[in-house]
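**Q** Below: one structure in structure tokens.
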Amino acid sequence: MIAASLSNISEQKSERLLNALIEIGQELASTTDLDELLDTVLRVSRDVFRFENAIIRLLDEDGLHLVAVAAYGYTEEAMKPIQIGQGVMGRTAEVQKPILIGDVRKLPHYVPGIPGARCELAVPLISKKKLLGVLNVESPRLGAFSAMDIEPLMILGRQAAIAIANAKLYDRLRKMTDSYRHMH
């Protein structure tokens, strides 16, 4: 009985994940506005994965800092830029691999995010082997995330990274076209 209900839960979660990824893929492919795109990624992380808090940080021009570009549930203080290597998100960017922390209170280098944070999961946003940023979720519940959450968040992160790279490219092309028009 328990095994059956567990497989139902994972089947339901798998189906939700698949539907979410299809929706994200369609939405991200049709969106060239970066802000709209980031909002979509956050909405999906909340609605589909049931993450209570999420933040997206992108690498700035100097490649040394991560700048918060979209978030929900985070304090103003938590929105300040962080250095590569700083805290869980900075470390994720540095190693370019997901990091799951069951209890952030045990980390001496924890960078405060949400009030009362206990559990944190961060995944790198990588497109064409290039780091673009980090997608991070936190929870006030101990062990809120498990190893089973890593792959779905990585898949979301990969899709988001491709869409972010495309939106940035589109924006650069639009600016080049605009400046070309003004010159002629």
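**Q** With point charges of +1 on the Cβ of Lys and Arg and -1 on the Cβ of Asp and Glu, referenced to the Cα centre of the chain, which listed residue (ILE24, THR92, HIS182) lies farthest in the positive direction of the dipole?
**A** THR92
**Q** Using only C-alpha atoms and all pairs of different ones, pull out the Kirkwood radius for the range 81-184 in Å with one decimal.
**A** 15.1 Å is the Kirkwood radius here.
**Q** Moving on to the next point. Using Cα-Cα distances under 8 Å and only pairs 6 or more residues apart, what relative contact order does the chain have, in percent?
**A** 20 percent
**Q** Excluding same-chain pairs closer than 8 in sequence, count the lysine pairs in the range 91-180 whose Cα atoms lie under 24 Å apart.
**A** Taking the Cα cut-off of 24 Å, the pair count is 10.
**Q** Could you do me a favour and compute the accessible area per residue for the range 124-184, 1.4 Å probe, result in Å²?
**A** 61 Å²
**Q** Between helix 147-183 and the chain, what is the angle of the helix's C-alpha long axis to the longest principal axis, kept within 0 to 90° and rounded to the nearest 10?
**A** Helix 147-183 sits roughly 10 degrees off the main axis of the chain.
**Q** Roughly to the nearest percent, how much of the accessible area of the range 57-184 is carbon and sulfur, given a 1.4 Å probe?
**A** Here it works out to 58 percent.
**Q** Find the accessible area per residue for the range 33-101; the probe is 1.4 Å, ligands and nucleic acids are left out, and the unit is Å².
**A** Heavy-atom SASA per residue in the range 33-101 reads 48 Å².
**Q** Could you give the angle, 0 to 90 degrees to the nearest 10, between helix 2-30's Cα long axis and the longest principal axis of the Cα atoms of the chain?
**A** Taking the Cα atoms of the chain, the angle to 2-30 is about 10 degrees.
**Q** Could I ask something else about it? How big is Rg to Rh over the chain, alpha-carbon atoms, Rh as the Kirkwood inverse-mean-distance radius?
**A** That ratio equals 1.02.
**Q** Sticking with this structure for a sec: To the nearest whole percent, what portion of all C-alpha pairs in the range 23-104 is separated by more than 21 angstrom?
**A** 35 percent
The values are calculated or read from the model by the stated rules, or taken from the named source; none is laboratory data. All values reported here derive from a predicted model rather than from experimental measurement. Every residue, glycine as well, gets a Cβ built from its backbone with ideal geometry; the counts of neighbours run over all protein chains shown. Remember, those area values only see protein heavy atoms, side chains included, never the ligands or the DNA or RNA. Shrake-Rupley method; radii C 1.70, N 1.55, O 1.52, S 1.80 Å.
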